[in-house]
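Note sheet for the following structure.
Since every read-out is calculated from the coordinates, none of them should be taken as a lab result. In this text the structure is predicted, and so the values were computed from the model without any measurement. Don't worry about glycine lacking a Cβ; one is built from the backbone with ideal geometry, like all the others, and counts go over all protein chains shown.
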Amino acid sequence: MQTTRRQFIKTLAAGSLAATLPFAVKGESRNYHTLTILHTNDVHSHLDPFEANHPRFPDMGGFARRASLINQIRKQNNHVLLVDAGDIFQGTPYFNFFGGRPELELMSKMRYDAATIGNHEFDNGIQHLSDQLKYADFPFICSNYNFDNTILKGKTRPWKIIENGPFRVGIVGIGINPSGLVSPANYEGMKWLDPIKTAEETGAFLRNEKNCNLIIALSHLGINSTSERPDSDRKLAAETSSIDIIIGGHSHTFLDEPEQIKNKAGKNVIINQVGWGGVILGELNITLSKGKTTFLSTQHLLK
């Protein structure tokens with residue numbers, strides 16, 4: 001397996017993300033600590049690599065290559081998170097024949113820590129989605145999807161806290177408005193809550209009441225706002241003050257490097273997204289050293 005790496009290194013200025021990370025180092029003697037965040041989005045049931053004659057992604061991607069690379073990175077790093085920003089389902093015959101089970105079972109074997117639900121997870125209806133979730137050994141975080149009046153009640157979480165070394169990470173999951181994207185019968189009973197308001201309230205709760213020192217939003221809003229869909233990752237970053245990192249999906253955007261957008265408090269929020277089809281594994285390394293936070297971004301092209 002060959003992986004092509006594109007790297008981007010950035011130091012966050014004073015008053016940006018560094019000011020929001022009051023780390024407790026828990027007795028470790030090192031003067032710096034790094035959290036490696038591995039992420040995917042919009043894989044769309046591409047378990048195998050694309051065909052060798054594919055016009056855009058010849059012989060790229062595949063779950064086996066991703067799993068091998070994840071194992072390598074885990075051997076090289078002490079603190080690793082693995083997350084997905086939705087649209088795991090739909091796109092190849094694997095989904096048509098097996099309904100999502102192999103995707104979730106293989107992600108479980110890769111030891112994903114969390115994912116959020118994309119609009120295509122509803123393609124076969126809410127009952128079908130509920131039936132498939134038993135194959136996932138990782139939680140689906142859905143902060144602004146209220147499933148209390150559906151079969152999915154209790155099967156997703158509004159937030160999750162992951163402790164990894166000195167890092168206490170709060171994760172929120174933000175889903176797109178399904179209206180116009182999903183047949184109403186396929187999400188009947190679900191309440192869609194305002195994504196910006198919900199993300200801000202949940203993030204603030206995790207930071208202020210649960211003492212998280214890093215807040216990650218798994219977002220399936222898409223990176224750009226439109227007149228039809230005004231909510232987006234860029235809007236989420238600009239109109240909140242409690243989110244540090246947004247791992248995005250839905251718009252299939254290949255970012256050459258992460259974006260940084262000032263939030264309401266004037267601090268930088270990192271946004272990253274790695275296209276679609278599983279051809280890239282995203283990697284963000286967040287390092288705290290001598291009171292300054294830096295991040296290193298690597299895009300692993302799987303080929």
Worksheet, complete the sentence: Rounded to the nearest 0.05, FRET efficiency between N77 and K210 (Cβ-Cβ, R0 25 Å) equals 0.50
Response to the item:
Excluding residues fewer than 8 positions from K197 in its own chain, the aspartates and glutamates with Cα under 18 Å of it are E209, D231, D233, E239, D244
Item to complete: Give a residue-ordered list of calculated ³J(HN,Hα) values for segment 184-190 (Karplus: 6.51 cos²θ - 1.76 cosθ + 1.60, θ = phi - 60°; whole Hz; x for Gly, Pro).
Response: x, 5, 7, 9, 4, x, 7
Item to complete: Could you check the simple spin-label distance between A52 and S68, using points 7 Å along Cα→Cβ, in nm with one decimal?
Response: 1.6
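What does the helix-only formula give at 222 nm for the chain: each DSSP H stretch with n ≥ 4 adding -39500 (n - 2.57), the total divided by the residues, and the result rounded to the nearest 500 deg cm²/dmol?
Value at 222 nm, helices only: -5500 deg cm²/dmol.
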Worksheet item: When the chain is treated as a GNM, springs tying every alpha-carbon pair under 10 Å, which of T150, T240, T202 comes out with the largest mean-square fluctuation?
Response: T150
Discussion item. Please rank K155, K264, fewest neighbouring Cβ atoms within 10 Å first, as an exposure proxy.
Written reply: K264, K155
Fill in: Net charge contributed by nearby residues that have their C-beta within less than 13 Å of G125 (K/R +1, D/E -1)
-4
Worksheet entry | Ranked F254, F140, criterion: other C-beta atoms within 10 Å, fewest first | F254, F140
Worksheet item: From the Cα gyration tensor of the chain, with a ≥ b ≥ c the square roots of its eigenvalues, which class applies: rounded if a/c is under 1.5, or else prolate if a/b is larger than b/c, or else oblate?
Response: oblate
Discussion item. About the Cα centre, and with charges only on the beta carbon of Lys, Arg (+1) and Asp, Glu (-1), how big is the dipole of the chain? Nearest 20 debye, please.
Written reply: 1100
Item to complete: Determine the gain in length on full extension of the stretch K191-T287; use 0.36 nm per residue of separation and subtract their C-alpha separation, reporting nm with one decimal.
Response: 30.8 nm
Worksheet item: Among residues other than G99 whose Cβ falls under 14 Å from its Cβ, what is the net charge (Lys/Arg +1, Asp/Glu -1)?
Response: -3
Worksheet item: Considering amide H positions built from the backbone, and no H for Pro or chain starts, which residues 5 or more places from G277, or on another chain, come under 5 Å of its amide H?
Response: V43, H44
Response to the item:
If each part is reduced to its alpha-carbon centroid, segment 149-224 and segment 57-92 end up apart, in Å, by 22
Worksheet, complete the sentence: Residue-ordered couplings for segment 156-169, obtained by feeding phi - 60° into the Karplus form 6.51 cos²θ - 1.76 cosθ + 1.60 and rounding to whole Hz (Gly and Pro as x), are 10, 10, x, 6, 8, 10, 10, 9, 9, x, x, 9, 10, 9
Worksheet item: DSSP beta bridges in the chain, what fraction antiparallel, as a percent rounded to 5?
Response: 65
Worksheet item: Within segment 71-194, what percent of beta bridges assigned by DSSP are antiparallel, to the nearest 5?
Response: 60
